[in-house]
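This report refers to the structure that appears directly beneath it.
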């Protein structure tokens, strides 16, 4: 089903918000000395945007180390996310998770995850809860082309298929697992080819084209919601920057390749498409959303900087629901 | 001399039946699933013969050790889930279900199999609550099996609970009989944190008095099963009874040993041990887990740090060697601590 005008506006707003969050938040976090564990998803905005447009706050997603886009697309407040990146107590995780663990249970966001394919079984478990309790919710497990080769993913695809769980396995294939090209690490041409091995539909779409992602995800989510079981959705995309801010990707890929993908930029593609469609959304409206996203990040950085640091005693909090604090500090010669 | 026996930690008089540990575990699971419909259980062969209902086959195994028998008939295959042989998937899925509204129990057939699913325990179950700033509770129980002495060799016999005690965010319990198995399992399922529940294969057939009604025992609390004044012996799981057997031997020599049943391996009830050692002035830990970086070494360190001035002898231990579990009976019998080794070690501390 083609997206209506309101949906189109929302798709672009999400993409530009992700873009602005990454372009502003990643270097700002670095300036605060915490850049080691922050991964930019610039270039990949269309994938979480097109998928999460079909989800509500009651649905679940599990995310990856490159997960800011998933959070924003699932409705997590960028101001709170920025506070989390800065290690501040107003982050959704109270500053104890950071970029690789941003979670917001009120939005069905089961966490970005520092383990490759680490959140996949969590999403499958959420789908199991939904099935048992007849909640009608679906779960999306995001992973990358690196995660595509993790054993737990394959076990989970089999299990979800056997149990017919409402879960979508969504591979963001950005071409590289750290520095290793996908064509080296993958035994098949496309990750989606593996769906056949688990008796589920496989979708392979252009991940730079939010409309293609939106359409395929819509079908996969509808099937899952109807009780028809899981699907594997692969979106071919590209990360413009390195694996981390310390990585120079030109040590393993060419400038020509980067230029090729940047010319297919998802925000630019969207803009051109709107113009070609006779200005369903005007350039001015798009500019306006870009500007609002830019201003939002100004506010987010200010909000995060104003947020207090965690108090020392918080080091012991939320390890367990119930556990003697004495047991955590005993023998450690802690000062608090 | 004052005894440290805490009556709630021992079977109350009257209104009990003699049942096996395996039956107590089964009873606890059934009673809690009856009481709380959010409790689910999944694992390999927990019913058995799954998918053959059309042939009249249901509950073919009832668990590899028959601890889950009958559950599928009463609660159905939506709450009693036989899994493919995919520990990483089903342990992780149980953790995901636990963090989204279920109370999920997963059974890992033997603790030795944890290698294939350790990531789910280490990086998801144990850390989610902390990483997420307290946004989730993870009421997840992993039932698993420990214990050597059955000719099962190195990959089906370890007692590696210390692996889990080392991980902040996990809890662990080692029941030593049917009474503690039932009470601790009910507590573990009702607990809002992930708990690993270690069932010793050598205790399944043992019986003791167990109340039929539901009761809980506190996680993180040890109990004294034999009061004494001359030496404190700490047992874990089946080793508690090896220590008791040794204590009876020592009594013939006029040595009055106190035996503590640790029960929980996270949190560890150090204070119960320390109170005893401050009276007896000697410590001997009897542990079936290997000796390096273990519960036994940890208790010795704690006692050395906090009761050094009370000690009349070095804190000491009886454990297996730092080797895998051997297959041949000739070697396996050497591996598992027995009363004779405990008595010898205790005599040395007394001299």
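Computed from the coordinates by the stated procedures, all read-outs in this text should not be read as laboratory data. In this text the structure is predicted, and so the values were computed from the model without any measurement. Note: ideal-geometry Cβ built from the backbone for every residue, glycine included; neighbour counts use all protein chains shown.
Here are some notes:
- Each Cα pair under 8 Å and six or more residues apart adds its separation to the average, and for chain A the resulting relative contact order is 22 percent.
- Helical contribution to [θ] at 222 nm, DSSP H n ≥ 4, -39,500 (n - 2.57), averaged over chain A, rounded to 500: -13000 deg cm²/dmol
- For segment A:54-145, averaging the sequence separation of C-alpha pairs within contact (under 8 Å, six or more residues apart) and dividing by the residue count gives a relative contact order of 36 percent.
- Share of pairwise Cα separations in the protein assembly as shown, more than 34 Å, in percent: 50
- The spacing between segment B:122-173 and segment A:255-315, judged by their C-alpha centroids, is 42 Å.
- Only beta bridges with both residues in the protein assembly as shown are counted; by DSSP, about 20 percent of them are antiparallel.
- Share, in percent, of DSSP beta bridges within segment B:15-211 that are antiparallel, nearest 5: 20
- Per the Kirkwood formula applied to alpha carbons, segment B:238-327 shows a radius of gyration over Rh ratio, Rg over Rh, of 0.96.
- Descending by average beta-carbon neighbour count within 10 Å, the peptides B:89-96, A:203-210 line up as B:89-96, A:203-210, the highest first.
- Residue-averaged 222 nm ellipticity for chain B, from DSSP H runs of 4+ at -39500 (n - 2.57), nearest 500: -9000 deg cm²/dmol
- Stokes-Einstein D in µm²/s, Kirkwood radius over Cα pairs - segment A:1-133 at 10 °C with 1.306 mPa s viscosity: 106
- Relative contact order (percent, whole number), segment B:223-350, Cα cutoff 8 Å, 6+ residue spacing: 28
- When the convex hull of its Cα atoms is projected in every direction, mean area for segment A:5-329 (nm²): 17.5
- Over chain B, the Kirkwood radius and the radius of gyration, each from Cα atoms, give a ratio Rg/Rh of 0.98.
- Paired Rg and Dmax values of segment B:194-351, which use every Cα atom, in angstrom: 15.5, 47
- Helix axis angle, B:178-190 relative to chain B longest principal axis, alpha carbon, degrees: 60
- Exposure proxy for A:262, B:329, B:145: other Cβ atoms within 10 Å of each Cβ, ordered fewest to most, give B:329, A:262, B:145.
- Angle between chain B longest axis and helix B:270-280 axis [Cα atoms, degrees, rounded to 10]: 20
- Considering every alpha-carbon pair of segment B:116-171, the percent of pairs per 5 Å bin, from zero through the bin containing the longest distance, is 4, 16, 24, 21, 14, 10, 6, 3, 2, 0.
- Legend: ranking of residues B:164, B:113 from fewest to most surrounding C-beta atoms inside 10 Å; resulting order B:113, B:164.
- Within chain B, DSSP assigns beta bridges of which about 25% are antiparallel (rounded to the nearest 5).
- Computed over segment B:15-211, Kirkwood Rh from alpha-carbon pairs, angstrom: 16.8
- Cα-based Rg of segment A:183-336 normalised by 2.2 N^0.38 Å, two decimals: 1.58
- Angle between chain B longest axis and helix B:21-35 axis [Cα atoms, degrees, rounded to 10]: 50
- Mean partner shielding of peptide A:99-110, defined as the number of other chain Cβ atoms within 10 Å of each residue Cβ, is 3.
- Counts of other chain beta carbons within 10 angstrom of each beta carbon in peptide A:314-320 average 6.
- Using bins of 5 Å that start at zero, the share of Cα-Cα pairs per bin across segment B:20-80 amounts to 4, 20, 32, 24, 14, 6, 0, in whole %.
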